[in-house]
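The values are calculated or read from the model by the stated rules, or taken from the named source; none is laboratory data. Computed from a prediction, not measured in an experiment: that's the story for all the values here. Because the Cβ atoms are built from the backbone with ideal geometry, glycine has one as well, and the counts that use them run over all protein chains shown.
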Amino acid sequence: MKKMKKLSVFVCLFTAAVLSACVTRGGAGEPSLDEAIEQSAAAIADKLPAGTRVAVVAFESPHGNLSGYIMDEIAGALVDGNLEVADRNNLEYVYQELGFQMSGDMDDESAQSIGKFLGARYVVTGQLVDTGGRYRYRLNGINVETAIHESSTRLDVRNDRRFQEMIAALQKAAPVVRTASYGGASGPKTAGTFLDRGIGFASRGEYDLAIADFTEALKLDPDLQAAWMLRGRALYASVSKVTEVNANFSAVDTTNTEGAVVSDEKKVVCDRVIADFTQAIRLAPDYAKAYMERGRAYAEKGDNDRTIADYTQAIRLDPNDVAAYVNRGNAYRAKGDYDWAIADYTQAIRLNPNFAVA
């Protein structure tokens, strides 16, 4: 009897060891990547009221196409969980707007900034890390207002033949060109989806439609900073000769109107532009780009003192912005303060010796 008990214990220990080894090497005990995504998205959806706006802002993996695939799958799973997901196509706009690098590696503070800018209440970041033949999947859900990690998933995913074939295929695939989605056939219903569609219109130069969508977004969420910024930018573009539009409407370049007579219509529109950027500054007082663009509108109206004040604040926040020195120099020159103008142009040249305008 004692021998039988010892044999039974040995068998149990041996079986446990075998099962543990199978899990370690990617056995049946580990979820597939798709299963891990579904589980982690379900954990987030369970914590949030239906309709909550979520932004999947970053995912780090061995290569870009794999990261993109995982982000799209997470977004789809969250939508299936009755959440509203910010259009990932417009993340490029936010990265450029806020001066972030397009990278899967992102700290919590930067993720919060992106979420707030997009009107999301919740942001999602994650990683898929090769730990030497095993892949560790991590997904974090962060409350934008409190900065608390309210959801965290940690799983080893099954490193089987199917997984390796998928990685190989994604590595060879060309980057996917995305188009924004606008909330279905019935059109946008929330501030976030109006914002998403407005960015698409503005990027194509359809400024009146963009302004209408940003206005609807602000009716639904008056604290949506991106909508104030973008409506101000679209208003300015609508009465200017636009020479270039940056990706996802992160900036617009216009023909220099220095010395030209500004029409009464443009002055009226510039008042609206100034009002919008003033609201954006109220929501984010340390946002240099808002001062830059409001200063441009003041310059169009010939208000050199306010122009100088805004560019001075922009320079305080970003001392290496060459354009801010040149634009402030132009305002000093318009006032006849040539020594101050020369000083600003000189600083611009020091920062960028190849900037011919300076």
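Tabulated values for the structure
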{"quantity": "Residue in region 53-72 that is surrounded by the fewest Cβ atoms within 10 Å (Cβ to Cβ), counting only those that are out of contact with any Ser or Thr (no Cβ under 7 Å at 6 or more places or on another chain) and part of a strand (DSSP E or B)", "calculated": "56"}
{"quantity": "Close pairs from region 297-323: first within 24 Å of residue 262 (Cα to Cα), partner part of a loop (DSSP other than H, G, I, E, B), Cβ under 8 Å, at least 6 apart", "calculated": "300/257; 300/262; 301/262; 302/262"}
{"quantity": "Which numbered condition residue 325 fails, given (1) surrounded by fewer than 22 Cβ atoms within 10 Å (Cβ to Cβ); (2) more than 29 Å from residue 223 (Cα to Cα); (3) hydroxyl-bearing (Ser, Thr, Tyr); (4) modelled with pLDDT of 95 or more", "calculated": "(1)"}
{"quantity": "Filter pass, residue 203 being hydroxyl-bearing (Ser, Thr, Tyr) and under 18 Å from the mean Cα position of the chain (by Cα)", "calculated": "yes"}
{"quantity": "Residues of region 237-270 satisfying the condition of being at pLDDT 80 or above, surrounded by 14 or more Cβ atoms within 10 Å (Cβ to Cβ) and farther than 18 Å from residue 323 by Cα", "calculated": "237, 238, 239, 240, 249, 266, 267, 269, 270"}
{"quantity": "Hits in region 86-97 - residues which are over 16 Å from residue 225 (Cα atoms) and surrounded by 23 or more Cβ atoms within 10 Å (Cβ to Cβ)", "calculated": "87"}
{"quantity": "Residue match in region 115-122 (condition: buried (at least 21 other Cβ atoms within 10 Å of the Cβ), at positive phi and in contact (Cβ under 8 Å) with a residue 40 or more places away in the chain)", "calculated": "yes"}
{"quantity": "Members of region 30-60 that are polar (S, T, N, Q) and over 18 Å from the mean Cα position of the chain (by Cα)", "calculated": "32, 39, 40"}
{"quantity": "Strands (runs of 3 or more DSSP E) lying entirely in region 98-195 (those with 1 or more residues that are closer than 18 Å to residue 226 by Cα and modelled with pLDDT of 85 or more)", "calculated": "122-130"}
{"quantity": "Boolean, residue 305 is over 21 Å from residue 224 (Cα atoms), surrounded by fewer than 17 Cβ atoms within 10 Å (Cβ to Cβ), of a type in the set (Asp, Glu) and in the same structural domain as residue 204 (by TED's automatic domain parsing)", "calculated": "yes"}
{"quantity": "Criterion (under 20 Å from residue 35 (Cβ atoms), among the hydroxyl-bearing types (Ser, Thr, Tyr), exposed (fewer than 15 other Cβ atoms within 10 Å of the Cβ) and assigned by TED's automatic domain parsing to the domain that holds residue 110) met by exactly one of 153, 131, 146", "calculated": "131"}
{"quantity": "Of all residues in region 28-41 being crowded, with 16+ Cβ neighbours inside 10 Å and hydrophobic (A, V, I, L, M, F, W, C), the one that is nearest to residue 150 (Cα to Cα)", "calculated": "41"}
